[in-house]
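Throughout, read-outs are computed from the coordinates displayed, never taken from laboratory work. Keep in mind it's a predicted model, so treat the numbers as computed, not measured. Quick reminder, even Gly has a Cβ in these numbers, built from the backbone with ideal geometry, and neighbours come from all protein chains shown.
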Amino acid sequence: MPISIRKISAVIASVLLASTGAMAQSGDVPAGPGATDFASAKEVRTQITAMLADMKPGQGFAWRPLVRDGARVAAIEIWKKPGRPAVHPAEAEYAIVLEGAGTLISGGTLVAPVTRRADLVEGERIEGGTTRPLRPGDVVLLPAGLPHWFGITGDRLVLLGTKLPAR
């Protein structure tokens, strides 16, 4: 039974609001106006539709923020082509599959790593990782430093993704 975008949005909003509240108590979250902490199911669908319309022929990836609180962002990611295997050294990655189908390879060893930015190391492939199919409703939590790769088995894979600073 497919999970509705409304249910997924409610789960993400709850997680983000809970983490925002915990961080606000520790003084890490600026208070006041400007924080966008909610997107309705209709807004999620509208953003996905707009992003698909904006993608150019041959474009393999699009990313656009959906909700944010300062540096913390939950974004829609649309994959039409697989990217390179990657590691985020200081951030965990949390994602929910909204639509489409794909494959996740995680763990193992990143072969021929190249640091692209402080928050991104890419490689040629992953050796020894675990392969899992991805379908709507699946939830993924990749710890900081874990090699991972998203493959696409249909015409696209749409994720709601968030990077979480390692503690």
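Some notes on this structure:
- Relative exposure of VAL114, VAL87, judged by other C-beta atoms within 10 Å (fewest first): VAL114, VAL87
- Taking the number of Cβ atoms within 10 Å of each Cβ as an exposure proxy, the fewest-first ranking of GLU77, GLU43 is GLU43, GLU77.
- The share of Cα pairs per 10 Å bin across the stretch 93-167, counted from zero up to the longest distance, runs 19, 48, 31, 1 percent.
- Net charge over other residues, Cβ less than 14 angstrom from the Cβ of ILE126 (K, R count +1; D, E count -1): 0
- Simple spin-label estimate for LEU120 and MET51 in nanometres, 7 Å along Cα-Cβ: 1.5 nm
- Using the Cβ-Cβ distance between VAL139 and ALA41 with R0 set to 25 Å, the FRET efficiency works out to roughly 0.90.
- Order of VAL139, VAL73 - criterion: other Cβ atoms within 10 Å of each residue's Cβ, fewest first: VAL139, VAL73
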